[in-house]
Amino acid sequence: MPDYWKPSLDQVLNLGHRDAAVRLSEECLHYARSIQDPRAVAYYQATLASAAALDGDRRAATAALAASETPIENAPRTPGKPWIAHFLPGRSAHEADMILVQVGDLDAAQDQLHHALDVHGLDRRRTRAIVLADLGQVHLRRDDTDAALATWTDFLDTAEGIRSVKVTNAVDEMQARLHRLCGAPTASELDQRSATRT
C-alpha cells in the first residue's frame, strides 16, 4: 500500500533523487487509485508534480497538479487514515505553490498562496505564518519589494510567540533576503524584529 511508501517517497524528494522520485511517485499514484479516500489520490498526484518539477518537466508537473485539484475538492473534511489526514485543501494549495515556484509560474504560485491563506484562516497560526513567509518570497521574486515587506510584517506578527522549526527556518530565509534590501527602512525594522526572536 502507498502509505507504507510515503516515508521513502518523502526522503527521495528531499534528497533530490529525481529519477527515483519520479518512478516511486508514479507507482504510488497507480496504487492510490484503489484507495477510497480521494485525499490519497490528490496527495500522490501532488507528489508526482513535485517529482516532475524536480526533474525539470514543467508540462508533467502542471498536469499532475491539475489532476490533484478535483480529488482534493471532493475530499471529505473529516479525519481519514492518519497518514493522509493532514492533506486538506489548504495544505494542497501550499504544496502547489512550492511546485509552481519551482517551475517558474510565479503568478499561479501567488494565487495558490492566497487560496491557502483563505482556507487556513486565523485559527491555524503556525501554518498561516509559514504561508505568509512563502508569499513574501514570491512577492520578492516578482520584484514587488513593498508587497514582500508588508507580507513579511504580517508573517512576524502572526508568528509571534510560536516555537517551531519551520517558522524559525522561514525567519532565517527572510533575513537572508532582507540583507539585500538594506536600503529600505522597513527591511531594517524587520531584520531587527526577527533578530530578537529567541
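Each peptide among 163-171, 47-55, 23-31 gets the average number of other Cβ atoms lying within 10 Å of its residues, and from highest to lowest they stand as 47-55, 23-31, 163-171. Can you classify the range 51-182 as rounded, prolate or oblate using the Cα gyration tensor, where a ≥ b ≥ c are the square roots of its eigenvalues, rounded means a/c under 1.5, and otherwise it's prolate if a/b beats b/c and oblate if not? It is oblate, given that a/c is not under 1.5 and a/b is not larger than b/c. Taking a ≥ b ≥ c as the square roots of the Cα gyration tensor eigenvalues, the range 89-134 comes out prolate, since a/c reaches at least 1.5 and a/b is larger than b/c.
Assuming 0.36 nm per residue, please report the length gained on full extension of the stretch R193 to D157 beyond their Cα-Cα distance.
Extra length from R193 to D157 when fully extended: 12.0 nm.
The local environment of R193, defined by Cβ-Cβ distances under 10 Å, has a net charge of -3 under the rule Lys, Arg +1 and Asp, Glu -1. Taking a ≥ b ≥ c as the square roots of the eigenvalues of the Cα gyration tensor, an a/c ratio of 1.5 or more together with a/b no larger than b/c marks the range 112-198 as oblate.
Think of a 1.4 Å ball rolled over the protein heavy atoms: the range 87-143 then has 45 Å² of accessible area per residue.
The values are calculated or read from the model by the stated rules, or taken from the named source; none is laboratory data. The shown structure was predicted, so the numbers you read here are calculated from the model rather than taken from an experiment. Positions of Cβ are backbone-derived with ideal geometry, glycine not excepted, and every protein chain shown enters the neighbour counts. All accessible areas refer to the heavy atoms of the entire protein, side chains included, with ligands and DNA or RNA removed. Shrake-Rupley method; radii C 1.70, N 1.55, O 1.52, S 1.80 Å.
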